[in-house]
Amino acid sequence: MKLVVRRSWVVSEVVYELAGQAADVPLRKTAAIAVVQNPYAGRYVQDLKPMIEASVELGRWLAGELKTALGGVPVQSYGKGGVVGIAGEQEHANALLTTAAAEPLREVVGGGKAWISSMTKVAGPDAVIDIPMNHKDEVYVRSHYDGMTLMLPGAPLPDEIAVIFCVSNRGRINARVGGLTHDEVMRRA
């Protein structure tokens, strides 16, 4: 199976200040989104293995889009998600977001030992989705529990799936709830 990409885009948000406090390092969140034709729209298919196998190439492509957009900015957090058009089912997005598809994301962020948090759902055009993110190497770094809210203009159509990879360069601005820190994780590595 070859997935057909109908459209794509990259979105970045940079936060310089929050609650009157300037960030020592601005928070940069970046998402790469690909809207693909859903080969299983409108019908039930028991075996999703062909879609999972095809997702590897899509994962590589999305990871490459992120790498280009980041321009060398180091990544500390990541997440992934998908929105399936109403002629499909949620499991179709999950098939495109397995470990097979996400390994290229780990390569782009320089490893990634922690699981990659994710969110999938079924929705119509102009869908809004919150992509959860966590630290790339240790899930228990509370300062990096964050997310990116995205609106998908005109997507997904009923026979489409939007696949999303998100990354950020640091934890939340003004994070102060304690716990394991990014620096502690890096010292252990």
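Throughout, read-outs are computed from the coordinates displayed, never taken from laboratory work. All figures in this text were calculated on a predicted structure; none of them were measured in a lab. Here the Cβ is made from the backbone with ideal geometry for all residues, glycine too, and neighbour counts use every protein chain on show.
Can you sort SER117, SER77 by how many other beta carbons sit within 10 Å, fewest first?
Numbers: SER117 19, SER77 32.
Least to most surrounded, the residues fall as SER117, SER77.
On a straight-distance basis, which lysines could pair with LYS49 in a cross-link, Cα separation under 27 angstrom, same-chain partners fewer than 8 positions away excluded?
Within the straight-line cut-off, LYS49 pairs with LYS2, LYS80, LYS113, LYS121, LYS136.
Relative to the longest principal axis of the chain, what angle (0 to 90°, nearest 10) does the C-alpha long axis of helix 49-70 take?
40
Which FRET efficiency value, to the nearest 0.05, do you get for TYR140 and ARG43 by plugging their Cβ-Cβ distance into 1/(1 + (r/R0)^6) with R0 = 45 Å?
On the way: r = 42 Å, r/R0 = 0.92.
For TYR140 and ARG43, the calculated efficiency is 0.60.
Between VAL128 and GLU57, what's the calculated FRET efficiency when r is the beta-carbon distance and R0 is 41 Å? Round to 0.05.
Values: r = 27 Å, r/R0 = 0.67.
Result of the calculation: an efficiency of 0.90.
Excluding HIS92 itself, calculate the net charge of residues whose Cβ lies under 12 Å from the Cβ of HIS92, where each Lys or Arg counts +1 and each Asp or Glu counts -1.
Numbers: positive: ARG43, LYS121; negative: GLU89, GLU91, ASP159, GLU160.
Once all neighbours under 12 Å are counted, the net charge is -2.
Cα axis of helix 99-108 to longest principal axis of the chain: angle in degrees, 0 to 90, nearest 10?
40
Label-point separation (nm) for ASP183 and GLN90, each offset 7 Å from Cα along Cα-to-Cβ?
Each label point lies 7 Å from its Cα, and together they span 4.1 nm.
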